[in-house]
Amino acid sequence: GREEELIGEDDLTVLDHKDDFMEAFGLHMQKTLRKRRQFIFCANLQTAHPVTDASPLYHKLDFSGFLPHERAWLDRLFDEMGCVDAFRDINKQSNQYTWWPEQ
């Protein structure tokens, strides 16, 4: 399919594992939030959220980490679940990239 053409068949297996993780982690986050527990989580999710997370060189390229469904997952994490990207909350400077494709 189109996704295989964009990221390669070998990378598709990795993307499947990443998608499975994001789904399981999202369910865990919802469960934790329902319990009204306070927590901090730190992670390298290998995904850009806003376009400001990546150099403009990568904005039109289809890489795992910048795919629409991955970025939509982060929308849910930050917008619906109320998580905060501490780096973006504190750092308002331009050209402060937090994501690069792994090649």
Problem set entry | Given (i) 2, 11, 21, 22, 19, 13, 8, 3, 0; (ii) 2, 10, 18, 19, 15, 12, 10, 7, 4, 3, 1, 0; (iii) 2, 14, 22, 21, 18, 12, 7, 2, 1, 0, the label whose value is P(r) over Cα pairs in 5 Å bins from 0, in percent derived from this model | (i)
Problem set entry | Dipole magnitude of region 48-88 about its Cα centre (Cβ charges: Lys, Arg +1; Asp, Glu -1), debye to nearest 20 | 120 debye
For this session: For the chain, calculate the relative contact order in percent as a whole number, restricting contacts to Cα pairs under 8 Å that are 6 or more residues apart.
Result: 33 percent
For this session: May I ask you to list the lysines whose Cα is less than 29 Å away from that of residue 31, ignoring any residue fewer than eight positions away on the same chain?
Result: 18
For this session: For a quick protection proxy, order the peptides 44-50, 67-73 by their average other-Cβ count within 10 Å, most packed first.
Result: 44-50, 67-73
For this session: Using a 1.4 Å probe over the heavy atoms of the protein chains, calculate the carbon and sulfur portion of the accessible area of the chain as a whole percent.
Result: 51 percent
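The values are calculated or read from the model by the stated rules, or taken from the named source; none is laboratory data. The shown structure was predicted, so the numbers you read here are calculated from the model rather than taken from an experiment. So basically every Cβ, Gly included, is an ideal-geometry build from the backbone, and we count neighbours across all protein chains shown. Ligands, DNA and RNA are excluded from the accessible area calculation, which covers all protein heavy atoms including side chains. Shrake-Rupley method; radii C 1.70, N 1.55, O 1.52, S 1.80 Å.
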